[in-house]
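**Student:** Below is a structure I'd like to ask you about.
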Amino acid sequence: GLRSVGWPNTPMRLLLAAMRVPSPTTWPSVPFFRETAGILGASGPSLSCRNWTLWGSMLEEVSATRITFDLHAPPNATLRDPGHSRVLLSRGSDGGDGGLAWSQRKQTGNSVGDGWHSMLLYHPSMCGADLLHNMSSMWLAVIDTSGPCLTLPDFLFDRVIAHAPVECPFRPGSKAWGRLCSPRRGLGSGEKLPSISFQLEDVGDAQPPILHLPLERLVFRNGTGHELLCLARGDRFGGAYPPRMLDAHIAFGSLAMAAFNITVDLESGRVGMASKASALAEASDMTCIAAPRCRGMQEFYPPLNRCLDPDCSMYYLTRLDPDSKVCRWTGEALYLFGVVLVSLAFLDLAGYVLYKMVIARLGRVSV
C-alpha cells in the first residue's frame, strides 16, 4: 500500500511587513487565534491548550512516523535551490536515511519539550572559533516553523556577529528588538560570508559528520531591495548567565531549514539533517573579521574575537593603564611603599643604635 503522503508545492514566504492585530491588546496571540480549533504547524499537540492540533490530527490519520521537510528559499533570498518546497509524511524509513546525520534521542516528560522537535548541537564553530568556549560542548536547538530566521541566544548571537562582516542597527551586546543586521559587502565581486558548522553527536571513536550552514543562505532582500541577514538575536530580560538551554535555545526557522534536508523521527524523537549547501562553494573564511592584536597583559578571547583587559582588581593597589594595558601601581601604593621603606630604614637605624648602647653597657659591666 501507499507508505507516504506529501504536499509537492508547499509555499514558503518571508514576512516583509510587521503583522498587525486589529484589536489592541497586551496579548496579541489571544484575539489572533480566536475561534480556531488548533494550531497548524510542526509542533506537537502538547503545546496546544486543547492538546489537539490539525497537524497532529493529520499525522494520526496517515499513521505517520516520520516528517521530512524539504523547504526551498523564497524568491527574494540570495541563494535558492531549484524546485518547490515539500513536506512528506511517511511510515518507516522508506528504504534508507539518505545520508542523514542523526541527533540523539530527546528527553521527554514535559509539555514544552514533548511539543518541540529538538536536537542537541555539538561544538558549533565559526571562523575557527569554538562558539561555546568555556560554557558547554552542546546547546539545544529547535525546529521552529513559526518564523524564517535562525534565532540564537543573545550570547551566541554576539559571538557570531563578532566574526561575521555585518553591520547592525544596534551596538554589540545590546538588545536587537527584532532588528536584523546587513552583510557588509566589500569592493570585490563574489565575496561570501563564512559558515556556521556543528555536529549532531559528540566526538567519539568515529568522527561524526560535520554540518554547515553558510550565512549566505540566510541573506534576503526586503521590499526596498536592501540585503538583510535573517539571523535574529534572542533578547533576554533578566535571568541567570549563562542561561538555561530550555530558556534560551537555538531556533531553526524556515529559511534556515531550507539549507538542509530535515527528517523528524516521531517514534525515537530524533532529528536527521543533511546539508544541501556546500561550505566550499557558498561560504568563505576569507571574510572573517581578523583577530585583533593584544597589548600588554591583555588576553585574546576567541569566541568574541576580542582582547580582554586584565582584571587588575586581583592585585592589591593596582589599576589598568589604558595606554599600555598593563596593571600598574596606583599613587597610593607608591606612597605606601615609601612610608614602609622609610619606616624600615628608621627601625634598622634604631636597632643599630640600641645594639651599640647594649654593647657599651656590657663593656662597662665587665670592667
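**Student:** Got a sec? Which of G269, G225, G234 is surrounded by fewer than 16 Cβ atoms within 10 Å (Cβ to Cβ) and either of a type outside the set (A, V, I, L, M, F, W, C) or modelled with pLDDT of 90 or more (or both)?
**Tutor:** None of the others qualify; the one that does is G225.
**Student:** Here's another thing I want to ask about it. Residues in the range 259-315 that are farther than 30 Å from A77 by Cα and under 19 Å from the mean Cα position of the chain (by Cα): how many?
**Tutor:** 3
**Student:** Could you please let me know if Y355 is out of contact with any Ser or Thr (no Cβ under 6 Å at 6 or more places or on another chain), open to solvent by 80 Å² or more (accessible area, probe 1.4 Å) and in a helix (DSSP H, G or I)?
**Tutor:** Values: out of contact with any Ser or Thr (no Cβ under 6 Å at 6 or more places or on another chain): yes; open to solvent by 80 Å² or more (accessible area, probe 1.4 Å): yes; in a helix (DSSP H, G or I): yes.
Criteria met by Y355.
**Student:** Checking the conditions here, which among L152, L156, L140, L193 is in a helix (DSSP H, G or I), open to solvent by less than 40 Å² (accessible area, probe 1.4 Å) and in contact with a strand residue (DSSP E or B) (Cβ under 8 Å, 6 or more places away or on another chain)?
**Tutor:** Step by step, each of L152, L156, L140, L193 is checked, and only L156 is in a helix (DSSP H, G or I), open to solvent by less than 40 Å² (accessible area, probe 1.4 Å) and in contact with a strand residue (DSSP E or B) (Cβ under 8 Å, 6 or more places away or on another chain).
**Student:** Being modelled with pLDDT of 90 or more and either closer than 27 Å to S195 by Cβ or surrounded by fewer than 16 Cβ atoms within 10 Å (Cβ to Cβ) (or both) is the requirement here; does E299 meet it?
**Tutor:** Judged against the criteria, E299 is a match.
**Student:** OK, next. Can you list residue pairs whose Cβ atoms sit under 6 Å apart, with the first residue in the range 192-210 being of a type outside the set (K, R) and the second being open to solvent by 70 Å² or more (accessible area, probe 1.4 Å)? Count only pairs 6 or more apart in sequence or on different chains.
**Tutor:** P194/D285; S197/I210; Q199/I210; P208/E201
**Student:** Among the listed residues S118, S182, S146, identify the single one that is polar (S, T, N, Q) and free of Cβ contacts under 8 Å to residues at least 60 places away in the same chain.
**Tutor:** Working: S118 fails: free of Cβ contacts under 8 Å to residues at least 60 places away in the same chain; S146 fails: free of Cβ contacts under 8 Å to residues at least 60 places away in the same chain.
Exactly one of S118, S182, S146 is polar (S, T, N, Q) and free of Cβ contacts under 8 Å to residues at least 60 places away in the same chain, namely S182.
**Student:** If I go through the range 191-243 residue by residue, how many of them are within 19 Å of G147 (Cα to Cα) and out of contact with any Leu (no Cβ under 9 Å at 6 or more places or on another chain)?
**Tutor:** Residues that pass the stated criteria total 3.
The values are calculated or read from the model by the stated rules, or taken from the named source; none is laboratory data. What you are looking at is a predicted structure, and each value in this text was computed from that prediction instead of being measured. Using ideal geometry, Cβ is built from the backbone for each residue, glycine included, and neighbour counts are taken over all protein chains shown. These area figures cover heavy atoms from the full protein model, side chains too; ligands, DNA and RNA do not enter into them. Shrake-Rupley method; radii C 1.70, N 1.55, O 1.52, S 1.80 Å.
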